[in-house]
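What follows is one structure encoded as structure tokens, with my remarks underneath.
The values are calculated or read from the model by the stated rules, or taken from the named source; none is laboratory data. Since the structure is predicted, the reported quantities are computational estimates derived from the model, not experimental observations. In this analysis, Cβ positions are derived from the backbone assuming ideal geometry, glycine residues included, and neighbour counts consider all displayed protein chains. Just so you know, the surface numbers come from the protein's heavy atoms only, side chains and all, with ligands and any DNA or RNA stripped out. Shrake-Rupley method; radii C 1.70, N 1.55, O 1.52, S 1.80 Å.
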Amino acid sequence: MATTADFVAAQKENRRNTMVLLVLLTALAALVGYLIGWILETEGSDTMPVVSALGIGAAGVMAAISVGWSLISLAVGDKMVLAMSGAKEIDKADAPQLYNVVEEISIAAGVPMPKVMVLDTEALNAFATGNRIGNGTIAVTRGLLDKLSRDELQGVVAHEMAHLANLDTRYMVVVGVTVGLIALVCDMALRTLNWGSVQRRSNSKGSSGGGILIIVLLVVAILAPLAAKAVQMAVSRQREYLADATSVQFTRNPNGLISALGKLAEAAAPFPGVSRATQHLFIINPLHAFTSKTPALLATHPDIQDRIARLRNLGS
């Protein structure tokens, strides 16, 4: 079956991308740690060591923190997201139509029935999370339940089920945690160093090497979070396109999701439990509205009109 093959390929790709992401994060953290250690060592010495023992130690500490934090995010990242969002698990009796739709799409996708949760807000939105197949959660807002028809609700649920089937949810949780950790490490690098004293030492002793290291660290500390954010945005946009297309495979009806996206775009609004760390997980960004004119590096989601146009092409 083509859909199953697509899922297997997507899951393999996401597992590979997750490992690459963890390796890159560890390397970046180790580099920042080494530069901090090297600069601190040269600050108290008249010579510029070729290899810094303090730098190696700091790199090891940073790498260990990176690996540990990444493993934590893989193990409990979904629980962290759900806790931050304030979503509450429901039973079938609480929202029979929603529960039935999730059951239907779960069967169509060949994915174990996920937990069903509701966010108590009138905003229209939804997200999925879960670090492995069989341990997923789909959460929708109360406003979405009240204002969408069954076909529209089915389209939204199918979109979120696609994220679970493709293992996008695990990858996106790691991406979100990674971006935050890179920013934290780089901010710590900038705050740890006493730039004034290092600059004076570099000027008084003519140590051009120390100045070069400072410049390199500054460049890494400033550009690394921006690069990580750009990766997060690009990954999020592509995953939304894929989930839209997979939703149509599940429902055989693009019109439900097309209509739902139109309503969600009109009613998009921030609500309690949403933050910049989780904004990329939702079917539409609850904090920012993106159009075709939004720079690609600033957009977590594609332009709604572009998504609708692609879905109409699928339908035709």
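Taking square-rooted eigenvalues a ≥ b ≥ c of the alpha carbon gyration tensor, is segment 94-139 rounded, prolate or oblate, where a/c under 1.5 means rounded and, failing that, a/b exceeding b/c means prolate? Show your work: numbers first, answer last.
Values: a/c = 2.31, a/b = 1.38, b/c = 1.68.
Because a/c hits 1.5 or more and a/b fails to exceed b/c, segment 94-139 counts as oblate.
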- In nm, spacing of pseudo-spin labels at ASN17 and SER149 (7 Å Cα→C-beta vector): 3.3
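Of the heavy-atom accessible surface of segment 60-174 (probe 1.4 angstrom), what whole percent is carbon and sulfur?
Its accessible area is 57 percent carbon and sulfur atoms.
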- So how far apart, in nm, are the two label points at VAL216 and ALA267 if each is 7 Å from Cα heading toward Cβ? 5.5
- Message: Taking the Kirkwood radius as the inverse of the mean 1/r across Cα pairs, report the Rg/Rh of segment 41-98.
- Response: 1.47
- Item | Gained length - ARG252 relative to ALA234, 0.36 nm times residue gap less alpha-carbon distance | 3.7 nm
- Task: Report, ordered by chain and residue number, the lysines lying within cross-link reach of LYS293, taken as a straight Cα distance under 20 Å and ignoring same-chain residues fewer than 8 apart.
- Result: LYS229
- Query: Tell me, what is the FRET efficiency for THR291 and ASP120 to the nearest 0.05, using R0 = 25 angstrom and their Cβ-Cβ distance as r?
  - Reply: 0.25
- Probe 1.4 Å, accessible area per residue of segment 276-316, Å²: 55
- Message: Along the Cα→Cβ direction, 7 angstrom out, place labels at ALA9 and ALA75. What is the inter-label distance in nm?
- Response: 3.5
- Message: At 0.36 nm per residue, and after removing the present C-alpha to C-alpha distance, how many nm does the segment from ASP91 to ARG276 gain when stretched out fully?
- Response: 63.6 nm
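Can you list which of the GluC sites (Glu not before Pro) found in segment 85-165 are DSSP loop residues with at most 16 other C-beta atoms within 10 Å? All intermediate terms of the calculation are to be shown ahead of the outcome.
On the way: sites: GLU89, GLU103, GLU104, GLU122, GLU152, GLU160; in loops: GLU122.
Within segment 85-165, the qualifying GluC sites (Glu not before Pro) (loop, at most 16 other Cβ atoms within 10 Å) are GLU122.
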- Checked segment 81-165 against the a/c 1.5 cut and the a/b vs b/c comparison, axes a ≥ b ≥ c from its Cα gyration tensor; verdict oblate
- Okay, which of segment 138-159 sit inside 16 Å, backbone N to the point 7 Å along the Cα-Cβ direction of TYR99? 138-140
- Message: Can you give me the accessible area per residue for segment 61-100, using a 1.4 Å probe, in Å²?
- Response: 56
